[in-house]
Amino acid sequence: MADPRRVEFGDFLRSRREKLSPRSVGLPAGRRRRTAGLRREEVAQLAGIGVDWYIRLEQGRTVSPSVTTVDALARALRLSKAEHAHLKALARDGVRAAFVPEIVPPPIRRMIESLAQPAYVTGRRWDVLAWNAAAEEIFGFGQLPERDRNTLLLVLTNKQTRKFYGAGWTDVAKSMVAMFRATHDVWAGDPAFTELLARLRQGSPEFVKWWEAHEIRSTASGLKTMNHPSKGVLRFEHTSFQANDDPALKLVIYTPV
């Protein structure tokens, strides 16, 4: 069976190739094209690699591109910094252990509990692992079954959360999908991620459309406006931090504006 990460590597190459026009990369349009985007041979030419080699990469074959090749493909496909980093991550070899839910160390739990502003900790699969009283007042994590304490499920499949974000829901949800895609592809094929993906596909038609676009975005701070059912309109600046105890843990803090 093909390595799921290699399949995602090839799918990502194809998705970026189809978004480029010959004119955007300085190539003549040539004869009429049946499909949008660059041809495989054009990407190979721009990257300075063999056409057969590129085709094998895009087909998700078990081949290991060098760092130089990955960098050349990133330049040829005009990848952003986040997309380039994603391609590098997918190209890495190495055996990966099965996903195991993270454990939040007691000092981190005590730290977030001491914060006045809403704060919570998520793991690699975006499961909510710990939160403070202020976050409970806003998001109600403790009222959810443990298997539903996941920020993606909460935003994309929960009708109440959709109302919570109002007109800004689409931007929030679409951005989250692009950020999660970067994490998921590295864990492609893992049962825990496969199960989450199936729930998202089943619970959100929008997710299916956005997922197929294969957009990649890095995590960034931002502003969120929420229409809380009892607290009214709330505006927060949110930012996140990795924990030194375990880089898989991400601390998210919401600062009232």
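Taking the conditions exactly as written (part of a loop (DSSP other than H, G, I, E, B), surrounded by 13 or more Cβ atoms within 10 Å (Cβ to Cβ) and either of a type in the set (S, T, N, Q) or in contact with a helix residue (DSSP H, G or I) (Cβ under 9 Å, 6 or more places away or on another chain) (or both)), does R162 satisfy them or not? Spell out how you get there, then give the answer.
Numbers: part of a loop (DSSP other than H, G, I, E, B): no; surrounded by 13 or more Cβ atoms within 10 Å (Cβ to Cβ): yes; either of a type in the set (S, T, N, Q) or in contact with a helix residue (DSSP H, G or I) (Cβ under 9 Å, 6 or more places away or on another chain) (or both): yes.
Considered against the rule, which asks whether it is part of a loop (DSSP other than H, G, I, E, B), surrounded by 13 or more Cβ atoms within 10 Å (Cβ to Cβ) and either of a type in the set (S, T, N, Q) or in contact with a helix residue (DSSP H, G or I) (Cβ under 9 Å, 6 or more places away or on another chain) (or both), R162 comes out as no.
Give the residues of the range 127-150 that are in contact (Cβ under 8 Å) with a residue 12 or more places away in the chain, more than 19 Å from P205 (Cβ to Cβ) and open to solvent by less than 50 Å² (accessible area, probe 1.4 Å), sorted by residue number. Please lay out each step first, then the result.
Residues of the range 127-150 in contact (Cβ under 8 Å) with a residue 12 or more places away in the chain: 127-135, 137-139, 141, 149-150.
Within this subset, residues satisfying the condition of being more than 19 Å from P205 (Cβ to Cβ) are 127-135, 137-139, 141, 149.
Matches in the range 127-150: D127, V128, L129, A130, N132, A134, A135, I138, F139, F141.
This table checks each residue for (1) part of a helix (DSSP H, G or I); (2) modelled with pLDDT under 95; (3) in contact with a helix residue (DSSP H, G or I) (Cβ under 9 Å, 6 or more places away or on another chain).
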site	(1), (2), (3)
S24	yes, yes, no
R34	no, yes, no
T62	no, yes, yes
A82	yes, yes, yes
A97	no, yes, no
M111	yes, no, no
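Right, E237: of a type in the set (D, E, K, R), under 22 Å from Q117 (Cα atoms) and surrounded by fewer than 16 Cβ atoms within 10 Å (Cβ to Cβ) or not?
On the way: of a type in the set (D, E, K, R): yes; under 22 Å from Q117 (Cα atoms): yes; surrounded by fewer than 16 Cβ atoms within 10 Å (Cβ to Cβ): yes.
Judged against the criteria, E237 is a match.
Confirm whether E41 is surrounded by fewer than 19 Cβ atoms within 10 Å (Cβ to Cβ) and over 23 Å from F12 (Cβ atoms). Break it down into steps so the answer makes sense when it comes.
Details: surrounded by fewer than 19 Cβ atoms within 10 Å (Cβ to Cβ): yes; over 23 Å from F12 (Cβ atoms): no.
No; evaluated as a whole, the condition is false for this residue.
Would you call L196 free of Cβ contacts under 8 Å to residues at least 60 places away in the same chain, in a helix (DSSP H, G or I) and open to solvent by less than 30 Å² (accessible area, probe 1.4 Å)?
Criteria not met by L196.
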Only one residue in V100, V121 is open to solvent by less than 20 Å² (accessible area, probe 1.4 Å) and under 27 Å from L156 (Cα atoms), so which one is that?
V121
Listed residues V257, V172; which is within 19 Å of the chain's Cα centre (by Cα), at pLDDT below 95 and among the β-branched types (V, I, T)?
V172
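Examine the range 206-221 for a residue that is under 25 Å from R17 (Cα atoms), charged (D, E, K, R), in contact (Cβ under 8 Å) with a residue 60 or more places away in the chain and open to solvent by 20 Å² or more (accessible area, probe 1.4 Å), and state whether such a residue exists.
Within the range 206-221, the subset under 25 Å from R17 (Cα atoms) is 206-219.
Those still in the list that are charged (D, E, K, R) too: 206, 209, 212, 215, 217.
Filter again for in contact (Cβ under 8 Å) with a residue 60 or more places away in the chain, leaving 217.
Cutting the leftovers down to open to solvent by 20 Å² or more (accessible area, probe 1.4 Å) gives us 217.
Taking every residue of the range 206-221 in turn, at least one turns out to be under 25 Å from R17 (Cα atoms), charged (D, E, K, R), in contact (Cβ under 8 Å) with a residue 60 or more places away in the chain and open to solvent by 20 Å² or more (accessible area, probe 1.4 Å).
The values are calculated or read from the model by the stated rules, or taken from the named source; none is laboratory data. Just so it is clear, the structure is predicted and the values come from calculations on it, not from any experiment. Note that each Cβ is placed from the backbone with ideal geometry, even for glycine, and that neighbours are counted across all protein chains shown. Side chains are part of the model used for accessible areas, which takes the heavy atoms of the whole protein and leaves out ligands, DNA and RNA. Shrake-Rupley method; radii C 1.70, N 1.55, O 1.52, S 1.80 Å.
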